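A short write-up of the structure that comes next.
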């Protein structure tokens, strides 16, 4: 009855008969309204992949428009009611005229659809089942094809500029496309791994480091590039779910980011924008706050980021839409609440009050633990990069001065915190820097700087309790498990396809699986039979914990009797 009522509300609210006829929107609580969903799907955060006219003019090798299926071939989800019907959920538009660009917003990576017996179930805030690497590779190839063939470029230019445009304008367009392609292809050539991440996974941290250190902080004469700062992104993780994300007192898989208030959320999300097609080129500016300008060439939409973070608080955990055996649920809850030594989960994943970092919000405690899983994610966090134009940059009282080389995390911290504080000290709170020259007086005010004290630990690598490496391996965040049924595959690197497989001893877990939307309600996770992506994820065992794909670790619950496992799975479906 709850699901039927929700669908009735959905149809009456104007989300659209076409979408509702094809998709069941899973109940995620009364606070998550159809209006918020639509806003979440399209809110600009400042990402700019390329001019929208370019993407609409690009062609695939078979001649079809690049956007012919609204990118459904990569797993991105349809949004039939939007005016720009060639763009899927999570792709936003910003700018005007020739500067109108298409970019990604957080819904692209955090909206999920699963398929059960031919019915699609939409889960907002869920980990997307998308092949981001294939999208990147195909976009790179499409632009290279335009530049390699005169007829292809002529057709592209006609679509972008109009057939009657003069030769000078066409030459200028070619130069602009070539400059874009040089930067993008350099990133693709150096960063994308083989074997690929596969659908539902990516190495987000490496790609943030690569874009910031490799594409943003070089000299203007070198097109801002520092190619040697780009490393292979070979530590794939599954996309995390967003419900409860703002409530965890630490976020990111290795738990390196303090969390729990709007300022820390902004820091986390601004770093994400830098990694997902944000335009950002800091520059030395003596006499300015921090002696660097972090805003003039920064496309981040601060208002959009604040809005998205506010909405994340409203996304409820999805409620299991099928029948439950309530007696099994009761038995499973008792097992969940056992000590770890008896196969229980509550010690790591139970709800306990975390650190209080906001007046009106409390957080969940997020233990950061080494449970014997793959360590590659921790290894990449120790990367050191050339600092380029940020050499000598610092945030007084908050971040130390950067040398010619520095940990990539320190470079990211300076770039994020510098932009946030400069934006806050600007006239009208906008993204300009007109008032930043008055910053030293403002920054000397203890009350003002007190607002930003939390940023000291926004990226707290090396702090006690949040360091990324333990003596034995790698620590990861143990999140509250509400809605965990909708977050397959499992472990931080997505190496285990279902909760049933996770309750299997590591040495007996499946070594390969095909990612995709087909869902197994008994195994609680990715179904064995998939179509669409044609990719198989190959995992390694406990003999190779640094592969990025090890299925080892987290042995908890694997010794339970089969009846106990069934009961625990039934309870995990219910929360």
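Just so you know, all these numbers are worked out from the coordinates, no wet-lab data involved. Because the structure is a prediction, the values reported are computed rather than measured. Every residue, glycine as well, gets a Cβ built from its backbone with ideal geometry; the counts of neighbours run over all protein chains shown.
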- Item | Quarter of Cα convex hull surface for the stretch 333-405, i.e. mean projection, nm² | 8.7
- For the stretch 74-187, inverting the pair-averaged 1/r of distinct alpha-carbon atoms gives a Kirkwood value in Å of 16.5
- Using the Kirkwood radius built from alpha carbon pairs, what does the Stokes-Einstein equation give as D for the stretch 111-259 at 20 °C and 1.002 mPa s, in µm² per second? 117
- Message: Considering only C-alpha atoms, what is the centroid distance from the stretch 200-263 to the stretch 336-399, in Å?
- Response: 14
- Message: Residues of the stretch 25-44 with the amide nitrogen closer than 19 Å to a label point 7 Å from the Cα of residue 310, along Cα-to-Cβ, please.
- Response: 30-44
- Along Cα→Cβ, 7 Å out, is where each label goes; now give me the distance between the ones at residue 528 and residue 424 in nm to one decimal. 5.5
- In percent, how large is the relative contact order of the chain, given Cα pairs closer than 8 Å and 6 or more residues apart? 16
- Query: Counting each DSSP H run of 4 or more residues in the chain as -39500 (n - 2.57), what helix-only mean residue ellipticity at 222 nm follows after dividing by all residues, to the nearest 500 deg cm²/dmol?
  - Reply: -9500 deg cm²/dmol
- Message: I need to check one value: relative contact order of the stretch 347-405, counting alpha carbon pairs closer than 8 Å and at least 6 residues apart, in percent.
- Response: 20
- Item | Per residue, the convex hull volume that the Cα atoms of the stretch 283-331 enclose (Å³) | 165
- Note on the structure: Length-normalised contact order of the stretch 33-161, Cα under 8 Å, at least 6 apart, in percent, tallies to 26
- So for R0 = 30 Å, FRET eff. of residue 155-residue 190 from the Cβ-Cβ r, to 0.05, ends up at 0.50
- Task: Would you kindly state how much longer the chain becomes between residue 284 and residue 542 on full extension, computed as 0.36 nm times their sequence separation minus their alpha carbon distance, in nm to one decimal?
- Result: 88.2 nm
- Message: Quick check: residue separation of residue 323 and residue 405 times 0.36 nm, minus the Cα distance between them. What number comes out in nm?
- Response: 23.9 nm
- Using only Cα positions of the stretch 363-426, each an equal point scatterer, no hydration layer, compute I(q)/I(0) via Debye at q = 0.16 Å⁻¹ and quote the log10 values to two decimals. -0.69
- Starting from the Cα-Cα distance between residue 117 and residue 174, subtract it from 0.36 nm times their residue separation and give me the gain in nm to one decimal. 15.7 nm
- Pick the calculated volume of the Cα convex hull per residue in Å³ for this structure from [x] 182; [y] 194; [z] 157? [z]
